Structure formats: structure tokens, C-alpha cells
1. In the range 5-22, which residues are surrounded by fewer than 18 Cβ atoms within 10 Å (Cβ to Cβ) and either acidic (Asp, Glu) or assigned to a strand (DSSP E or B) (or both)?
2. Looking only at the range 23-58, which residues are part of a loop (DSSP other than H, G, I, E, B), modelled with pLDDT of 95 or more and crowded, with 16+ Cβ neighbours inside 10 Å?
3. If you take the residues of the range 72-107 that are part of a strand (DSSP E or B) and either at pLDDT below 75 or touching a helix residue (DSSP H, G or I) at 6+ places or on another chain (Cβ under 8 Å) (or both), which of them is nearest to Val19 (Cα to Cα)?
Amino acid sequence: MAGKIIIDTERCKGCGLCVVVCPKSSIVISKKSNKNGYFPAQPVPADRRPVESGVEGAADTDCTGCCLCAIICPEAIIEVYRDQPNKIDIVAKPGKKGKPRLVEEKT
Ligand code: SF4
Ligand code: SF4
């Protein structure tokens, strides 16, 4: 199942937890700092994914929408979208501190 994440890079502290926890190596730390001086996490750009099995952007480096990154992020700034047959739903998004972070939006 294909997934997609959006990281609010200006609020990222660059702790790297999401990078470590991602089972698909789909997140990297940027070489450019944000306005607060942190080097934020970002989804791995398609043209920088490791070439595996001779196929650039091989499926085993792709986000599956598992939500582990969103769950572990202490800043709650990662939105996760998961592919459905004809649409992509939000399955996790940031919440206020102390509030649940995981939601499922049925459309
Ligand atoms: S949703 Fe899962 S596979 Fe996708 S970037 Fe986050 S941890 Fe990695
Ligand atoms: S876990 Fe959150 S704060 Fe830490 S690097 Fe990832 S997005 Fe940034």
C-alpha cells in the first residue's frame, strides 16, 4: 500500500527519531536548516532514493503510510496519507500537545 507524508519542516527540531523508526528509509535529514536553525527531516526525494534491485526508487524504499514516524515525532508535525483504491485519506496528523495525534478521516 502506498503512503505519503508531509512534514512541517519549519517546526521540526531535527531530532531524527522519524528517520530511525521508518522501516522503509523514506525520511532523511535535510542539509538545509530551517528558520530556527534546525536541520529538519524531509521525505526522501524520489531522485535520491537508493537504487536497489536495479530499479531507481524501488518499492522497498517507498512510504507505506504505516504512521510510525507520526507516532514517534515529539513535535507532532508529520501528516500521513495512505493510498486507497481511488483516493488518499489522512490517517495521522498533528494534534495539540496532550491531545490524541492519530485520526482517521473517512471521505
Ligand atoms: S509512514 Fe511509515 S513508511 Fe512512511 S515515512 Fe512514516 S514511518 Fe516511513
Ligand atoms: S521526529 Fe519530528 S521533530 Fe524529530 S526529526 Fe522527525 S519530524 Fe523532526
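1. Ile6, Asp8, Glu10
2. Those that are part of a loop (DSSP other than H, G, I, E, B), modelled with pLDDT of 95 or more and crowded, with 16+ Cβ neighbours inside 10 Å: Asn34, Tyr38, Phe39, Pro40.
3. Ile78
The values are calculated or read from the model by the stated rules, or taken from the named source; none is laboratory data. Note that the coordinates shown come from a computational prediction; the quantities given were computed from them, not determined experimentally. As a convention, Cβ positions derive from the backbone with ideal geometry for all residues, glycine included, and neighbour counts pool all protein chains shown.
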